[in-house]
Each structure stands twice: as C-alpha cells, then as structure tokens.
1. Quick check on segment 34-53: of everything there that is modelled with pLDDT under 90 and assigned to a loop (DSSP other than H, G, I, E, B), which residue is least open to solvent (accessible area, probe 1.4 Å)?
2. Restricting the first residue to segment 78-96 and requiring it to be exposed (fewer than 10 other Cβ atoms within 10 Å of the Cβ), which pairs with a second residue that is modelled with pLDDT of 85 or more and not polar (S, T, N, Q) meet a Cβ separation below 7 Å and a spacing of at least six or different chains?
3. Can you tell me which condition His28 does not meet? The list is (1) open to solvent by less than 50 Å² (accessible area, probe 1.4 Å); (2) under 26 Å from Arg115 (Cα atoms), and all the others hold.
4. From the list Lys72, Lys111, which residue is part of a helix (DSSP H, G or I), modelled with pLDDT of 80 or more and more than 16 Å from the chain's Cα centre (by Cα)?
5. Taking the condition within 18 Å of the chain's Cα centre (by Cα) and among the β-branched types (Val, Ile, Thr), does Thr99 pass?
6. Which of the numbered conditions does Val57 fail, given that it passes all the others? Conditions: (1) loosely packed, with under 14 Cβ neighbours inside 10 Å; (2) of a type in the set (A, V, I, L, M); (3) assigned to a loop (DSSP other than H, G, I, E, B); (4) in the same structural domain as Met26 (by the TED database).
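The values are calculated or read from the model by the stated rules, or taken from the named source; none is laboratory data. Predicted model, so just to flag it, every value in this text is computed and none were measured. All Cβ positions, even for glycine, are placed from backbone atoms using ideal geometry, and neighbour counts span all protein chains on display. For the accessible areas, the whole protein counts, side chains as well, though only heavy atoms, and no ligand, DNA or RNA atoms are used. Shrake-Rupley method; radii C 1.70, N 1.55, O 1.52, S 1.80 Å.
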Amino acid sequence: MPKIELSAGDGDSTQWISYKDRFSLMLHDMPELSDTMKLQFLLASLKGEVARLFDHVQLVEEHYAVTWQALKDRSDDLKLLMREYFGALVDLQLMAGPTAEELTRIVNESKRLIRGMER
C-alpha cells in the first residue's frame, strides 16, 4: 500500500474541513480497507492536543466508527468554524516588508481562509 501523508494538524479549526474531505475520500469511503486500517491511519494523522484526546483508543475494528464520529462531533461546529476562520482572517500577520513574497503570503492565506468560510 502506498504511503499516505495526511495530517489533521494540531487542532487548528481552519484545517478541519480540508482534512475531513481528504480523509473521507482517501480512506473513510474505501470499502476495501478494514476499519482497523482506517483507525490506524486516523490516529496516525492526529497531532498535538487532538492526538492526546484519542491517545488510548485501542486499535480494534469496532473503535473506528466511534472515534471518527467523536472527531467529527468535536470539529464540525459550524459557528465555531466560522468564528475561527473570521478570527484568523482578522488576525492575519501584517506584511513584514514591501516584498513580493510577503504580498503572496497575504494573498494566499486570505484566499485559503475565504475558501474555507465559503465551504
């Protein structure tokens, strides 16, 4: 099986929608993968505080659906997501200097946050 690089990030709510879409498409919706394998990929992709919430999940088939649902319940709060996206946009770090790289950073991050709010 090819190596899949997928990260849920470290609890940054503005990364959740993208992560959920990718995880669902690449793993969750794949009937040929066992729930134990899906759970392994899920747990391996979690980082930081989110990973600690699921530290003691036993790697057995029946825990996959419960763990995936618990992660979605924690992260799929629409009001919280909108507040986080808007806050990240408002708190976007100012340009450090008048350079093309800084302008590109501002434009790219603004577009990412706006696309997230639209979804």
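1. The qualifying residue least open to solvent (accessible area, probe 1.4 Å) is Leu46.
2. Pairs that qualify, where the first residue is exposed (fewer than 10 other Cβ atoms within 10 Å of the Cβ) and the partner is modelled with pLDDT of 85 or more and not polar (S, T, N, Q), are Ala96/Glu102.
3. For His28, the failing item is (1).
4. Details: Lys72 fails: more than 16 Å from the chain's Cα centre (by Cα).
Result: Lys111 is the single residue among Lys72, Lys111 that is part of a helix (DSSP H, G or I), modelled with pLDDT of 80 or more and more than 16 Å from the chain's Cα centre (by Cα).
5. Answer is no for this residue.
6. All conditions pass for Val57, except number (1).
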